[in-house]
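Structure first, commentary second.
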Amino acid sequence: MKNIENIELTFLSIDDYQELKKAMIESYTTMPNSYWKEHQIESLIDRFPEGQVVIKVNHEIAGCALSIIVDYSKVDQHHTYQEITGDYTFNTHTPDGDMLYGIDVFIKPEFRGLRLGRRLYDYRKELCERLNLKGVAFGGRIPNYHKYSNKLSPKEYIKKVRKKEIHDPVFNFQISNDFHPARILKSYLEGDDASNDYAVLLEWDNIYYEKVQKTPTTQKKIVRLGLIQWQMRSYNNLEELLQQAEFFVDSVSGYRSDFALFPEFFNAPLMAENNHLTEPEAIRELAKHTSAIIQKFSEFAISYNINIISGSMPEIINNKLYNVGYLCKRDGSIERYEKLHITPNEAKVWGMEGGSEIKTFDTDCGKIGILICYDVEFPELGRLLADDGMDILFVPFLTDTQNGYSRVRNCAQARAIENECYVAISGSVGNLPKVHNMDIQFAQSMVFTPCDFAFPTNGIKAEATPNSEMILIADVDIDLLRELNQLGSVRNLKDRRKDIYQLKKR
């Protein structure tokens, strides 16, 4: 190997052709006459100059990558190399297509072992992201397959290569660069006897791809959360409570927050006027305020341009008492969520019943999930929401002791790690001496993240002061979740053994 003084990745020029031809001949020794003609290279450069790059070592071509853009929905699932290249004319290149298709990539034998091929693949990925394409695809050779074709099918061969039982230099390199096999292609590349006329369609998914919208969209990638750590105090009436609620909405929206999260049963102070009644009667009187509160919260959401998660409140439907909340969006729409798992105390003291529906909610900041307090202690619920595309899980809670709080807090942090999402929890502090079954509260509102290099090492993005009335503002980056899902140190969602267990809703 020569002493390396310079490595440069640059666009291919037609002036490079003679040197490129020589490099191709040296690289494809098992496939005679496997080099592109000058008019073909010129056509590629004219059609898509950004897709044609060479890597030079000491100003000498060491490798090359050629590519086109295709409309992937129109590509036959069992296409051949000749078909994808338009009979080698490249008239299949579609500037407004959605997939970068690799035509060729090689490194000269004398320069192999320097990881130059990785640089070419990385360029393709970066180009794909910059052009907002779905991903990269190409037909990958399996040049060692001819040694095993008499006893292994292509599928069995690929499986053994992935398990490191068989070494295939080309296929091993491709899967180590995050490409995954999509299907087997029969008779893909004419003259590829080493692969026994087979190839593997390999794909890499661009996690940053955004489908082109026909209508304007404002979906955000950096989302600001506003958590309200609510002080339980006496109010003379509903109007006073709503004034306090509006103060907090005004405060978090003043910091341009996208969400305001209230705690579970934040409206409990209104039960003081019915403290002479039994507990079941008092909470049913409290339920009469729910409709008016939600109506007002919806007005706040619109006027303060913020999505409000209303914590939770009692609600009576068909003479049954439920613990519910509402998502009041800034576009004026309203959606309902329910507490599914009722605590023994809620059932015993109030006669409350659990709800029956779990779902994610589409917002202008992506998909979110909401679990009320005790529900976050059941990991199945968070996983179902994650499988439905949830990025942020909101947990309004109410706990009286530090023991109860620790259960909510620790389970919420576990949900962030195992479901590769953000989790925001918000509770109430203070005391209500004139409200039975609501006398004391303990809370520390927090925002949790997964634990990987892009996030805080302890998985805590932000935390409030324990047992103090305050707001907590935190920004979360949705793109970091996409990176984690594809490239994380561990990948909890991808690595599940669905071959031995599964989770589904009824």
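Every number here is computed from the coordinates shown, using simple stated rules; none is lab data. Model, not experiment: these values are computed from the prediction. FYI the Cβ positions are ideal-geometry reconstructions off the backbone, even for glycines, and counts take in every protein chain you see.
Structure notes:
- Evaluated at q = 0.06 Å⁻¹: base-10 log I(q)/I(0), Debye formula over Cα of the chain: -0.41
- Residues Asn318 and Thr30, FRET efficiency given R0 of 60 Å [Cβ-Cβ distance, rounded to 0.05]: 0.20
- Charging the Cβ of each Asp and Glu at -1 and of each Lys and Arg at +1, and nothing else, the dipole of the chain about its Cα centre rounds to 1320 debye.
- Here r is the Cβ-Cβ distance between Lys147 and Lys37 and R0 is 35 Å; the resulting FRET efficiency, rounded to 0.05, is 0.65.
- At q = 0.23 Å⁻¹ the log10 of I(q)/I(0) for segment 341-446 amounts to -1.24, computed by Debye summation with a single uniform scatterer per C-alpha, solvent ignored.
- Cleavage-rule hits, trypsin sites (Lys or Arg not before Pro), segment 244-290, DSSP coil, Cβ neighbours within 10 Å at most 16: Arg256
- For segment 222-487, the extents of the C-alpha atoms along the principal axes are 58, 38, 35 Å, listed from largest to smallest.
- Overall dimensions of segment 52-207 as given by Cα atoms, namely Rg and Dmax in Å: 15.4, 46
- Here segment 343-374 and segment 238-262 have alpha carbon centers that stand 22 Å from each other.
- The gain in end-to-end length when the Arg496 to Glu463 segment is fully stretched comes to 8.8 nm, 0.36 nm per residue minus the alpha carbon separation.
- Cα-based shape type of segment 3-61, given that a ≥ b ≥ c are square roots of the gyration tensor eigenvalues and the cut on a/c is 1.5: oblate
- Sorted ascending by nearby beta carbons within 10 Å, beginning with the fewest, Ser312, Ser257 become Ser257, Ser312.
- For peptides 53-60, 451-458, 264-271, sequence by mean Cβ density within 10 Å, most packed first: 264-271, 53-60, 451-458
- Overall form of segment 266-376 per C-alpha gyration tensor (a/c, 1.5; a/b vs b/c): oblate
- Estimated translational diffusion coefficient (Stokes-Einstein, Kirkwood radius over Cα pairs, 37 °C, 0.692 mPa s) of segment 1-141: 211 µm² per second.
- Mean residue ellipticity (222 nm) of the chain, computed from DSSP H runs ≥ 4 via -39,500 (n - 2.57), nearest 500: -8000 deg cm²/dmol
- FRET efficiency estimate (nearest 0.05) - Cβ-Cβ, Lys221 to Leu277, R0 56 angstrom: 0.70
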